[in-house]
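A short worksheet on the structure shown next.
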Amino acid sequence: MRKLISADFCRLRRDKVFWIGTLAMLAYTAAVMLFSCRQALRDSSEFQYALDNFYFCYAIIIGLPIAVYVSLFLGTEYSDGTMRNKLVVGHTRRDIYLSHLFTNIAGGLSMLLASLLGGLVGIPFLGTWKMGKMVLVFLLISILFIISYVAIYTFIGMLCSNKAISAVLTILLFFGLMYLAMYFYYRLSEPEMISGLVITQEGMQMGDPSPNPRHLTGIKREIYQFIVDFLPSGQSGQMQEFNMPHPVRMIVCSVIIAIVTTLGGIFAFERKDLK
């Protein structure tokens, strides 16, 4: 498998989509950080801004360039006939699958590294992190939810021979996961009490607080929170909001997703008819 990984890395270094995605993430995080720093420095409120509040801005969007890169990278293997050639010379399907997975993980983590470097432009304005060792936990969760994203995209890319269809499926999957995470997170954010506007002789005033029927409680709230923690899009959304109440659960869920999708992908790929 070492030769397969070496060949894939040679392709990765010349892959234009990979470099475009990496540079795009570098530019995106740098631009968002500079804009956020400008807003923070202009804000005269008593709230103390720190680098921590903006540094993880990459989390919510990084799954998209990874989806595009992985689908096109694997789709080229089929369209150029490289996949069949690797089988002809004696490589096993398991080794082929894992070599692509490792290469895609390296590509995804490279985009993460570019994002982290882009965020460093905020240090001259806001200083370094105030969260101490928790920054390492955030980075670990970032690495693992990116690996889970890559494992899912690799599963699709290795089983779909058409490059265009594979790209569409992975991109739609990213937005679908994002929508699900946003829906469940929005429901969890519903306040326990709400106050409506009341028209009085003195004008518009806030009424007395009343129970919010959409506020989640009990087992239903636990289920919704688990779904948000389980989805890589949910993890990334909570990271961007700087709100991660269950970091250990997130880590475990990412590992489970990566292992299950990889084992399922290998099983399905070994039975796939490569025409």
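Listed values, structure above:
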read-out: Rg/Rg_ref, the stretch 56-115, where Rg_ref = 2.2 N^0.38 Å and atoms are Cα; value: 1.33
read-out: Surface per residue (accessible, 1.4 Å probe) for the stretch 1-61, Å²; value: 62
read-out: Value at 222 nm in deg cm²/dmol, rounded to 500, when DSSP H runs of n ≥ 4 in the chain each add -39,500 (n - 2.57); value: -23500 deg cm²/dmol
read-out: Given (i) 84, 45, 33; (ii) 83, 45, 40; (iii) 56, 43, 36, the label whose value is Cα extents along the principal axes in Å derived from this model; value: (i)
read-out: Inter-centroid distance (Cα atoms) of the stretch 79-140 relative to the stretch 238-264, Å; value: 16
read-out: Whole-percent carbon and sulfur share, accessible surface of the chain, 1.4 Å; value: 67
read-out: Equivalent ellipsoid, the stretch 7-70 (semi-axes from 5 times Cα gyration tensor eigenvalues, Å); value: 33, 10, 8
read-out: Label-to-label distance, nm, for residues given as V121 and R249 (7 Å Cα→Cβ offset); value: 3.6
read-out: Equivalent-ellipsoid semi-axes of the stretch 46-191, from the Cα gyration tensor, Å, largest first; value: 35, 18, 12
read-out: Extension reserve of the I165-I219 stretch, reckoned as 0.36 nm per residue once the Cα distance is removed; value: 15.5 nm
read-out: Convex hull of Cα atoms in the stretch 99-139, direction-averaged projection (nm²); value: 3.3
read-out: Debye-sum result for the stretch 72-152 in log10 I(q)/I(0), which assumes one identical scatterer on each alpha carbon, at q = 0.16, 0.17, 0.20 Å⁻¹; value: -0.74, -0.79, -0.95
read-out: Residue with peak Gaussian network fluctuation, the chain [Cα springs, cutoff 10 Å], from N162, N212, N104; value: N212
read-out: Cα pair distances in the stretch 131-197, grouped into 5 Å bins until the bin that holds the longest one, percent each; value: 3, 13, 13, 15, 15, 14, 10, 7, 5, 3, 1, 0
read-out: Estimated Rh, the stretch 1-114: Kirkwood, alpha-carbon pairs, angstrom; value: 16.2
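The values are calculated or read from the model by the stated rules, or taken from the named source; none is laboratory data. None of these values were measured; they are calculated from a predicted model. Neighbour counts run over all protein chains shown; Cβ positions are idealised from the backbone, glycine included. Protein only, heavy atoms only, side chains kept; ligands, DNA and RNA dropped before computing areas. Shrake-Rupley method; radii C 1.70, N 1.55, O 1.52, S 1.80 Å.
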